1. What's the total number of residues in the range 108-162 that are among the aliphatic types (A, V, I, L, M), at pLDDT 85 or above and closer than 19 Å to G234 by Cβ?
2. Report yes if some residue within the range 93-105 is under 24 Å from A172 (Cβ atoms) and either surrounded by 11 or more Cβ atoms within 10 Å (Cβ to Cβ) or in contact with an Asp or Glu (Cβ under 7 Å, 6 or more places away or on another chain) (or both); otherwise report no.
3. Please state which one of G148, G202 is under 32 Å from the mean Cα position of the chain (by Cα) and exposed (fewer than 15 other Cβ atoms within 10 Å of the Cβ).
4. Identify, please: which residue in the range 189-217 is in contact (Cβ under 8 Å) with a residue 60 or more places away in the chain and not in a loop (DSSP other than H, G, I, E, B) and is, among those, nearest to M153 (Cα to Cα)?
5. If the requirement is being over 31 Å from the mean Cα position of the chain (by Cα) and outside any loop (DSSP other than H, G, I, E, B), which of these qualifies: G186, G239?
6. Taking the range 245-264 as the region of interest, how many residues are in a strand (DSSP E or B) and among the polar types (S, T, N, Q)?
7. So, T74, is that one among the hydroxyl-bearing types (S, T, Y) and surrounded by 12 or more Cβ atoms within 10 Å (Cβ to Cβ) or not?
8. For the range 134-166, enumerate the residues that are part of a loop (DSSP other than H, G, I, E, B) and under 16 Å from V200 (Cα atoms).
Amino acid sequence: MSKIRQNHDSRKANWVLAAVAVGVFLLIFLAARGTLNPVLTNSTVISALAPFQRAISWVEAKVNGAATFVWDVTMVYYQNNELREEVLALRQQNLQAEEYVAENIRLREMLHYKQSAVQFDLLPAKVIGRESATWTSVISVNRGTSDGVAVNMPVITEKGLVGVVTEVTPNAAQVQLLLDSRFSVGTLVQRSESRVAGIVQGNPSDAMLPQMINIPRNSDIVEGDTIVTSGFGGVFPKGLMVGSVASIKNDNGGLLDIAYLYTSVDFQRLEDVMIITASREAPPQPLIPPEQTPGTETDKAGNPINEGGK
């Protein structure tokens, strides 16, 4: 019985709420049309509608705030993507600029060497291949027979000797490096007091330290001496920089010394090289006559100059 009464009361309350809601909307509608009874003053309408207006304003503010937040988040997302792409593009441009600067420095140094080494015909080339298994033995360059390259042409940089051309195709060439254990070149100590001759070849024990062999034990060679090509054999011109003496050790026989060298070329950073396609003796330096002692001057023919004569 009580359960039936509760259901009846619940239905009654729902009807009351529905009636109130309908009445409120009718009140709003009539107020908007101006047809309310004059007894219902403006202050009464405002008081009745105030809670609903506040609710509507609150909902509207929340909706506008949410829409603004979503819009801002969307704009930030797209702006962030644009900025990220711009940063990546700027980084790429920066890397390219750094590469251009580094290449410009290398080419400028090569050009300076080419202008000073007038005894050589030099062909610039780029390193295009270097296998990990033959890192210290062979490189590939982008010049071949179509550029006038041939086997046994020396390869250098402005720092010194790199190696020699061993194989050639129309558009590329293989270069055997100075570090290769099969490589050898006649050399001598550049120091005028020494001029000790020997043979530089690759070191199987340490590829980065080639060795100069066949040095008599009593030879005048010391650590720090500069080693250059001797010109013996006809393949490598005389005077190409090879390296400097890092250490000197006696060989197993005891009669000869071995000098281990720091190479003048940095083979870890080898990117650009020059191929010597032709070589000739460098022109001699012009002779500068010594200053003459006053009273003993001579003319170009060697005749004494008379102080009183013209």
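1. Quick first cut of the range 108-162, residues among the aliphatic types (A, V, I, L, M) only: 110-111, 117-118, 122-123, 125, 127-128, 133, 138-139, 141, 149-151, 153, 155-156, 161-162.
When the remaining residues are screened for being at pLDDT 85 or above, the result is 118, 122-123, 125, 127-128, 138-139, 141, 149-151, 153, 155-156, 161-162.
Keeping just the survivors that are closer than 19 Å to G234 by Cβ gives 122, 149-151, 153, 155-156, 161-162.
Number satisfying all stated conditions: 9.
2. Restricting attention to the range 93-105, the residues satisfying the condition of being under 24 Å from A172 (Cβ atoms) are 99, 102-103.
Still in the running and either surrounded by 11 or more Cβ atoms within 10 Å (Cβ to Cβ) or in contact with an Asp or Glu (Cβ under 7 Å, 6 or more places away or on another chain) (or both): 102-103.
Yes, that holds for at least one residue.
3. On the way: G202 fails: exposed (fewer than 15 other Cβ atoms within 10 Å of the Cβ).
Residue meeting the stated conditions: G148.
4. If we filter the range 189-217 for residues that are in contact (Cβ under 8 Å) with a residue 60 or more places away in the chain, which is where we start, we get 198, 200, 202, 207-208.
Cutting the leftovers down to not in a loop (DSSP other than H, G, I, E, B) gives us 198, 200.
Details: G198: 21, V200: 18 Å.
This residue is V200.
5. Numbers: G239 fails: outside any loop (DSSP other than H, G, I, E, B).
The unique qualifying residue is G186.
6. Within the range 245-264, the subset in a strand (DSSP E or B) is 245-250, 256-263.
Filter again for among the polar types (S, T, N, Q), leaving 247, 250, 263.
Residues in the range 245-264 being in a strand (DSSP E or B) and among the polar types (S, T, N, Q): 3 in total.
7. Details: among the hydroxyl-bearing types (S, T, Y): yes; surrounded by 12 or more Cβ atoms within 10 Å (Cβ to Cβ): no.
When the stated conditions are applied, T74 does not pass them.
8. To start, the set of residues in the range 134-166 that are part of a loop (DSSP other than H, G, I, E, B) comprises 135-137, 142-144, 148-153, 157-160.
Once the filter is applied, which keeps residues that are part of a loop (DSSP other than H, G, I, E, B) and under 16 Å from V200 (Cα atoms), the range 134-166 yields T136, S137, G160.
The values are calculated or read from the model by the stated rules, or taken from the named source; none is laboratory data. Source: prediction; values computed, not measured. With ideal geometry, Cβ positions are generated from the backbone for all residues, glycine too; neighbour counts draw on all protein chains shown.
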